[in-house]
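In what follows, a structure is listed as structure tokens, so that the remarks can point back to it.
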Amino acid sequence: MTDTRTDELELLASLVPLDGQRLIELGCGAAGLARRLVERHAGASVLGLEVDERQHAKNLASDAPPGLSFQAGGAQAIPFPDARFDGALMLKSLHHVPMPLMDPALDEVRRVLVPGGWLYVSEPVYAGALNEVIRLFNDEGEVRAAAQQALDRAIAAGGWQQADERRFEVPVRFADFAEFECRMVDVTFAERRFDDALRAAVRARFEPHMGPDGAHFVRPMHVRLLRRVD
């Protein structure tokens, strides 16, 4: 039976303690999970690191709950001292790190974790109907594979141990093609070249999934939980 989840925070909380933990999220985006985390888990703090300037400005301007703060920066050069955090999150972000920088980024994450600290990496699987639509204008097959290979190399090098691994699906709904464009095309961290021909091709692949209440998909996800080895 496939594990379906609408809130990944529940899975994270089942794998690691969160109350009172000092956490960093690399490539935090709008920090949706981090916002819920600090509200639900007493004494937890999350530092959201974001390389995209426009998203970082939005985060700074947002009404962040106590315990959540933001700083600009990339995972390959984390602006904090050694052993600063108990745990780290990379939610659909490792594959956005430039491929030559993935190994240095994982080294940096290890550096800022306390001994025995954990890294939770959640990556979309390159499969499924939604992926078939998106790959017409944003084919991430190579970078998603590279992200998994970087994790394998980090473990093989001896600095990390894989503590757990999970797979699940996230339901995704779009009211119509316009909402799909808004959420998946018009994003701050990418400049899409979306001409009329490509738009028509994407729409043609999207529209068969439309029903009376919108288009429904599932996004398959792959989680790997690593622990720092000393």
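Could you tell me whether ARG173 is basic (Lys, Arg), in contact with a strand residue (DSSP E or B) (Cβ under 9 Å, 6 or more places away or on another chain) and at pLDDT 95 or above? Yes; evaluated as a whole, the condition is true for this residue. Considering the range 119-183, the qualifying helices (runs of 4 or more DSSP H), each wholly inside and each with 2 or more residues that are farther than 30 Å from ASP196 by Cβ, run over 141-156. On inspection, GLU50 passes the criterion of being over 20 Å from TRP118 (Cβ atoms) and touching a Phe, Trp or Tyr at 6+ places or on another chain (Cβ under 9 Å). Within the range 75-95, the set of residues being under 27 Å from PRO220 (Cβ atoms) and surrounded by 20 or more Cβ atoms within 10 Å (Cβ to Cβ) comprises ALA75, GLY87, ALA88, LEU89, MET90, LEU91, SER93, LEU94, HIS95.
Looking for whichever is within 28 Å of ARG22 (Cα to Cα), basic (Lys, Arg), within 19 Å of the chain's Cα centre (by Cα) and surrounded by 13 or more Cβ atoms within 10 Å (Cβ to Cβ) here; the options are ARG110, ARG167, ARG135. Which one fits?
On the way: ARG167 fails: surrounded by 13 or more Cβ atoms within 10 Å (Cβ to Cβ); ARG135 fails: within 28 Å of ARG22 (Cα to Cα).
It is ARG110.
Results for (1) within 13 Å of the chain's Cα centre (by Cα); (2) under 23 Å from GLU169 (Cβ atoms); (3) at pLDDT below 95; (4) of a type in the set (A, V, I, L, M, F, W, C), shown as yes or no for each residue.
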position: THR4; (1), (2), (3), (4): no, yes, yes, no
position: LEU9; (1), (2), (3), (4): yes, yes, no, yes
position: SER14; (1), (2), (3), (4): no, yes, no, no
position: LEU33; (1), (2), (3), (4): yes, yes, no, yes
position: ARG36; (1), (2), (3), (4): no, yes, no, no
position: GLU39; (1), (2), (3), (4): no, no, no, no
position: GLY43; (1), (2), (3), (4): no, no, no, no
position: VAL46; (1), (2), (3), (4): no, no, no, yes
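Could you count how many residues in the range 194-224 are within 24 Å of ASP3 (Cβ to Cβ) and either touching a residue at least 60 places away in the same chain (Cβ under 8 Å) or of a type in the set (Phe, Trp, Tyr) (or both)? Residues flagged as within 24 Å of ASP3 (Cβ to Cβ) and either touching a residue at least 60 places away in the same chain (Cβ under 8 Å) or of a type in the set (Phe, Trp, Tyr) (or both) within the range 194-224 amount to 9. Of the residues that sit in the range 4-20 and are in a helix (DSSP H, G or I) and not hydrophobic (A, V, I, L, M, F, W, C), which one is farthest from LEU91 (Cα to Cα)? So the residue we want is SER14.
The number of residues in the range 157-177 being touching a residue at least 12 places away in the same chain (Cβ under 8 Å), over 10 Å from HIS216 (Cα atoms) and not acidic (Asp, Glu) comes to 11. Note on the range 1-34: residues that are of a type in the set (Lys, Arg) and in contact with a Ser or Thr (Cβ under 9 Å, 6 or more places away or on another chain) amount to 1. Would you mind stating whether VAL143 is among the hydrophobic types (A, V, I, L, M, F, W, C), closer than 20 Å to VAL97 by Cβ and either surrounded by fewer than 17 Cβ atoms within 10 Å (Cβ to Cβ) or modelled with pLDDT of 95 or more (or both)? Judged against the criteria, VAL143 is a match.
Each residue in the range 192-230 was checked for being exposed (fewer than 12 other Cβ atoms within 10 Å of the Cβ) and either of a type in the set (Lys, Arg) or on the phi > 0 side of the Ramachandran plot (or both), and 1 pass. Among the residues of the range 113-132, write down those that are of a type in the set (Gly, Ala, Ser) and crowded, with 18+ Cβ neighbours inside 10 Å. Matches in the range 113-132: GLY117, SER122.
The values are calculated or read from the model by the stated rules, or taken from the named source; none is laboratory data. This structure is a prediction, so every number in the text was calculated from the model and none was measured. With ideal geometry, Cβ positions are generated from the backbone for all residues, glycine too; neighbour counts draw on all protein chains shown.
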